[in-house]
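Scroll down for the structure; my scribbles are underneath it.
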Ligand code: B1M
């Protein structure tokens, strides 16, 4: 479908206004919203993600593409079913208790949404209870925790322990990330996954949700 | 001597290349008009919202030895432990860009302006470093005017959380410096609020004292190895 390819290409270039109006045109041509989402917007975002991982483009372009994606999604939203938009899985993310750094976590959220996951962002300074309760109530597949200081990293372990205590560790997987977090530290604390950057976090969630 | 320093917002505005560098864009790579526009918007936001301030105070070598010892959890050996006893002067510092900037970044995120918010965050991170550079210059100039430094003296910052100086060292540093006066507060986890703040010690001395190789036990886990650039810059600056 020509128009869907055009939407994807415009999205890749971060042209948000054009993506919005072409998405509207596609709707006016009676194309199903889900098809526009998957074959236009998400297809474009997939290319952006792949090029980012290959260091062919850099973060600013990813952000512009994400902005264009939101512009298109806004047009589609009223016409999509509740599960259409985020059919790939549900992730609860947040910065752990005591930590207020959220830029890395926000980028992870942007990339996950762009890849079609539903993201419940609890913000920063999130307690273990809040992570676990939200994951249970929302039926999330993954809890993603971010920390930017060595002094706040131990809070990640508390979330993992609480999940175990409540017997939820087999249904809710955990992913950790942030500048001082290493793969070794992640496995030592019992996390199911480790994301070293936002693109890698998407890969990690894909693996965790199978 | 302790003093609070107002810093002109214009003196902490980073270059477009530096902002893009903070976002992982390699130097010299073409980003296109849209990205350039985004950086320009972020820098405008930064000029409007930043309220940069600093506080500095001189300490003796013995005083600094106690501050550095902190909670006795530094890595040993460490570069700073070897450098500070040889310093001509030691000046504790903290600098911040102020709370309104962090609030502006949060507000942009909240209203969905993710691209601008992220760009502004990166610009602010660079600006916080530039506030530190500004303090280095000020302290060095003051020392030269006061006759405590000569043309060969260099000033370089070291911070808790880097190069073996444990982050918990922030507590002793804060107790000695009192950055609360410029609106910087320390949380129980040694995090400074507002977020775009830095702290540490400015070490004055001949450039040789700052030279070290990055083969300490903690260097392999360091994500940046920024010490290489900092030392190189010192060597390149003329007396
Ligand atoms: C859920 O799953 C996942 C998966 C992946 C996940 C994830 C979750 N969360 C993150 N990721 C990953 O994906 C994201 C996107 O790619 C990434 O997220 P990040 O948040 O890491 O990345 C951001 C998008 C961009 N990155 C950043 O913003 C941080 C970059 C580095 C260089 C850095 C910067 C820029 C700054 N800092 Co500083 N800073 C460092 C950082 C070293 C480094 N190279 O990472 C770090 C974090 N800082 C450190 C320190 C010590 C400090 N800093 C300080 C100050 C600053 C600046 C203000 C100059 C500036 C901005 C800080 C800010 N965040 O707003 C001080 C503290 C500030 C405070 N408020 O308390 C100060 C304490 C220094 C001082 N005494 O002044 C170190 C912490 C070490 C520790 N012991 O904990 C540090 C690791 C540097 C180091 N030692 O090498 C990945 O980590």
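The values are calculated or read from the model by the stated rules, or taken from the named source; none is laboratory data. Keep in mind that this is a model prediction, so the values were computed, not measured. Cβ coordinates were reconstructed from backbone atoms using ideal geometry, including for glycine residues, and neighbour counts include every protein chain displayed.
Here are some notes:
- Qualifying residue in the stretch A:181-192 (condition: more than 13 Å from the ligand (Cβ to nearest atom), within 13 Å of chain B (Cβ to nearest Cβ) and either without any contact (Cβ under 8 Å) to a residue 24 or more places away in the chain or surrounded by 15 or more Cβ atoms within 10 Å (Cβ to Cβ) (or both)): yes
- Residues in the stretch A:52-76 that are at negative phi, out of contact with any helix residue (DSSP H, G or I) (no Cβ under 6 Å at 6 or more places or on another chain) and within 13 Å of another protein chain (Cβ to nearest Cβ): A:56, A:58, A:59, A:61, A:70, A:73, A:74.
- Conditions (1) farther than 20 Å from residue B:195 by Cβ; (2) without any contact (Cβ under 8 Å) to a residue 12 or more places away in the chain: number failed by residue B:39: (2)
- Of residues in the stretch A:140-155 being at pLDDT 95 or above and under 19 Å from the mean Cα position of the chain (by Cα), the one nearest to the other protein chains (Cβ to nearest Cβ): A:147
- Check on residue A:119, more than 11 Å from every other protein chain (Cβ to nearest Cβ), at negative phi and within 14 Å of the ligand (Cβ to nearest atom): yes
- Search result, residues across the stretch B:175-188 that are buried (at least 18 other Cβ atoms within 10 Å of the Cβ) and either in contact with a helix residue (DSSP H, G or I) (Cβ under 8 Å, 6 or more places away or on another chain) or not in a helix (DSSP H, G or I) (or both): B:184, B:186
- Among the numbered conditions (1) under 15 Å from the mean Cα position of the chain (by Cα); (2) part of a helix (DSSP H, G or I); (3) surrounded by 20 or more Cβ atoms within 10 Å (Cβ to Cβ), the only one that residue B:120 does not meet is (1).
- Residue in the stretch A:40-48 that is closer than 30 Å to residue A:196 by Cβ and assigned to a loop (DSSP other than H, G, I, E, B) present: no
- Residues of the stretch B:203-239 that turn out to be within 12 Å of the ligand (Cβ to nearest atom), in contact with a helix residue (DSSP H, G or I) (Cβ under 8 Å, 6 or more places away or on another chain) and in contact (Cβ under 8 Å) with a residue 40 or more places away in the chain, as a count: 1
- Residue check, residue A:61 within 15 Å of the ligand (Cβ to nearest atom) and either outside the structural domain of residue A:176 (by TED's automatic domain parsing) or buried (at least 20 other Cβ atoms within 10 Å of the Cβ) (or both): yes
- Residue match in the stretch A:96-108 (condition: within 16 Å of the ligand (Cβ to nearest atom), surrounded by fewer than 21 Cβ atoms within 10 Å (Cβ to Cβ), more than 16 Å from residue B:118 (Cβ to Cβ) and more than 14 Å from chain B (Cβ to nearest Cβ)): no
- The residues on offer are B:143, B:172, and the sole one that is more than 16 Å from the ligand (Cβ to nearest atom), assigned to a helix (DSSP H, G or I) and away from chain A (no Cβ under 14 Å) is B:143.
- Taking the stretch B:189-198 as the range and being assigned to a loop (DSSP other than H, G, I, E, B) and more than 8 Å from every other protein chain (Cβ to nearest Cβ) as the test, the residues that pass are B:194, B:196.
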